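Comments concern the structure below.
The values are calculated or read from the model by the stated rules, or taken from the named source; none is laboratory data. What you see is a predicted model; the values in this text were computed from it and never measured. Virtual Cβ from ideal backbone geometry, glycine too; neighbours counted across all protein chains shown.
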Amino acid sequence: MRGAQLTALVDAAPAGVDAALDVVAGLDDALVAGLARPGEAQLAGLGDVATALAVTPLGGRVAEAVAQVTAGAPAAEHLAALAGARAALLGAAHDALLAAADAALGRERAALPAPAAAPLPDGAAAPLAAARSWLTELAITGWRGVGHDLAAAGGRPVEATLAVAPLRRLAVLLDGLAGELAASCPVATMPAVPARRWADLWARAVLLAQDTAGVADPAAAERVSGRLLVLGVDVHEHATAVQVQVHGVLEPSGGAPARLVRTAVAATKADTIVGPALWRLLADHPVLLAALAERRALEVTDLPLAGGDLWWRDGQARAGEPADPFATARVLLPAALAAPTPPLDRHPVAVAEPVLLEGYAVDTAGDDVRFTIDGASVAVDVDRLPTCGPLTPALVAASTACLGLLRWDAGRWTVQPLAVQSTVKRAAVAAHTGDWAQGPTDAKVAKAEAKAGDSVAVLRERAGRLLRR
C-alpha cells in the first residue's frame, strides 16, 4: 500500500455511512430499553428506521413492525423485519466502505454469485422455533431487563440447535450471546451496556433462525484445486469458541487468475483455555497447522468455494514448498481478484482486506500506534493482536513492513497486523500470527506453557471421566 493509496483512502470518507450508523444506533437503543414499553426517544429511533427503509422493498414490512411496537403488540415476524432492516442499513454502509477501499487499492472484485442454499433438514423446525421464542423475549424485555432466568433460558435453544448439524452456526452464536448475558447479570446494574455488540448478535441470530433462511450447501458450491499461498492468520476468540481464519491467495489449477480467499477452522472451548493452548483445540487439522507454523504453501484438491470462503477439509490438502507471505503479497496481492461478501456478512466490522505496507514511519503516542507513508497516516489496531502468537505491540512498533487487514473501526480506517518484518543485524526477521500453530517457538513462552501444564488435555480427561460415570 503506497502513500498515494493511503491518502486516497483516509481523505475520502464514504457519504452516508455515519448517517446509516446513527439510524442503527436508534434501533439499538430501543433494544436496550426493550420493545414492550419503548419511550419517546426509542419510538423516534424506530421511526427513523422506518423512514430510512421506506423506499426499499422492506419498507412496508418495517413500517408495519414499527406500528406494532408502538401499539405494544410486536410479534416474532415484526422483530424479524426490524432485524432485516438493521442488516440492510449496515450492509449499505459496508458496501460503501468496501467500494472506497477497492477504489483506493485499485482492487478488482468479483460479482456475487447466485445463492446456493440447501433446504432445512428434518428436525430443524422445533429448534428454530425455540431460538426465535428466546430472541423475541430478549427484544421485548430489553437488555436492561435481562436477569439470570432469562439468560439461562437460552440454554434450551442452544442445546436444540446443537443437535442439528446444519444449525451449528446458529447454535454457537446463541451460546455466545447467552454466555455474555449470563456473565453480565443482572444487566440493570451494568454502568454501560454493549448495545451495538449485543444487537449485532441478536439480529444475526434472528435472521439465521428463520424457517426460510436455509443452510449453506457445500455440495452446490464451486470446487477448486490449486496452490493456496497464506498471507496471514486472524484469530477470533470468545469465551466459548475460537476460530482461526486464514487469508491467502489461491492460484487455481489450469492457469486461471489468482483469487483472494479465506478459510477457517473453529472449535468450542472453555473460558480457561487461552494463549498458545488455543492451537491444541484445532489438532484435527494437522496439515493446515503445519503449513502455518512452517510457512508453507498448501496444495488443495476439490475444496468447495463459496464466494471467497473455502470450506476447509484437511484430507484434501497437503503442505507444499516453503512460501514467504511477504513475497506472496508483493508479487500476487496487487492483481488478485477479490471475493464478494455474502449478504448476511455485509457489516462494517466484516471489512477485512489484506494489505501490505512498507517503508513507513512508526509513530507512537501512549497506546496509540500509527503508520505514516509519504505524509499519510493510518492507525494500527494493536488491541487485536492475539495472545496465541508471537506478535506484540513492541514488535509492531519496531517493524519496517506489515501484512495486515484493512478495517473500519469507530469511524476511521485501521490496520490489524497479521505479520511484521523488521531488520536485525542487516537481516530481515519476520513474525506471524500463525508461527505458534504447532507450539510456541519462544523459549520463555514454551517454558511457561510446560510449567502450567496442558489445560486442554486436563479438561478432556475430566470430561471423559464425567461421561464414563
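So is Ala290 over 15 Å from the mean Cα position of the chain (by Cα), surrounded by fewer than 18 Cβ atoms within 10 Å (Cβ to Cβ), at pLDDT 90 or above and within 25 Å of Cys402 (Cα to Cα) or not? Walk me through how you get there before you give the answer.
Details: over 15 Å from the mean Cα position of the chain (by Cα): yes; surrounded by fewer than 18 Cβ atoms within 10 Å (Cβ to Cβ): yes; at pLDDT 90 or above: yes; within 25 Å of Cys402 (Cα to Cα): yes.
Against the criterion (over 15 Å from the mean Cα position of the chain (by Cα), surrounded by fewer than 18 Cβ atoms within 10 Å (Cβ to Cβ), at pLDDT 90 or above and within 25 Å of Cys402 (Cα to Cα)), Ala290 qualifies.
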Can you say whether Ala256 is outside any strand (DSSP E or B), without any contact (Cβ under 8 Å) to a residue 60 or more places away in the chain and closer than 29 Å to Leu105 by Cβ, as far as the supplied structure shows?
yes
For the stretch 156-165, state whether one or more residues are surrounded by fewer than 14 Cβ atoms within 10 Å (Cβ to Cβ) and charged (D, E, K, R).
no
Picking from Val249, Val265, Val244, Val261, the residue that is part of a strand (DSSP E or B) and within 22 Å of Ala446 (Cβ to Cβ) would be Val244
How many of the residues in the stretch 64-84 are free of Cβ contacts under 8 Å to residues at least 24 places away in the same chain and surrounded by 19 or more Cβ atoms within 10 Å (Cβ to Cβ)?
4
Are any of the residues in the stretch 29-41 crowded, with 18+ Cβ neighbours inside 10 Å, in contact with a Gly (Cβ under 9 Å, 6 or more places away or on another chain), free of Cβ contacts under 8 Å to residues at least 40 places away in the same chain and not small (Gly, Ala, Ser)?
yes
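Sort out for me the helices (runs of 4 or more DSSP H) sitting completely within the stretch 124-238 that have 3 or more residues that are closer than 30 Å to Asp409 by Cβ and at pLDDT below 95.
Values: elements: 125-141, 148-152, 155-162, 168-184, 195-208.
Passing ranges, in order: 168-184.
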Of all residues being among the basic types (Lys, Arg) and more than 21 Å from Ala125 (Cβ to Cβ) in the stretch 190-208, which is farthest from the chain's Cα centre (by Cα)? Just the residue, please.
Arg196
Does Arg61 count as out of contact with any helix residue (DSSP H, G or I) (no Cβ under 7 Å at 6 or more places or on another chain), touching a residue at least 12 places away in the same chain (Cβ under 8 Å), of a type in the set (Lys, Arg) and at negative phi?
no
Quick check: is even one residue across the stretch 132-149 surrounded by 16 or more Cβ atoms within 10 Å (Cβ to Cβ) and touching a Cys at 6+ places or on another chain (Cβ under 7 Å)?
yes
Please enumerate the residues belonging to the stretch 92-123 that are touching a Leu at 6+ places or on another chain (Cβ under 9 Å), assigned to a helix (DSSP H, G or I) and among the small types (Gly, Ala, Ser).
Ala93, Ala100, Ala101, Ala103, Ala104
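Taking the stretch 116-153 on its own, how many of its residues are aromatic (Phe, Trp, Tyr) and within 12 Å of Ala178 (Cβ to Cβ)? Explain how you work it out, then say what you get.
In the first step, residues of the stretch 116-153 are kept if they are aromatic (Phe, Trp, Tyr); the result is 134, 143.
After this cut, where a residue has to be within 12 Å of Ala178 (Cβ to Cβ) as well, the list is 134.
Result for the stretch 116-153: 1.
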The conditions are (1) surrounded by 15 or more Cβ atoms within 10 Å (Cβ to Cβ); (2) touching a residue at least 12 places away in the same chain (Cβ under 8 Å), and Ala44 fails exactly one of them. Which is it?
(1)
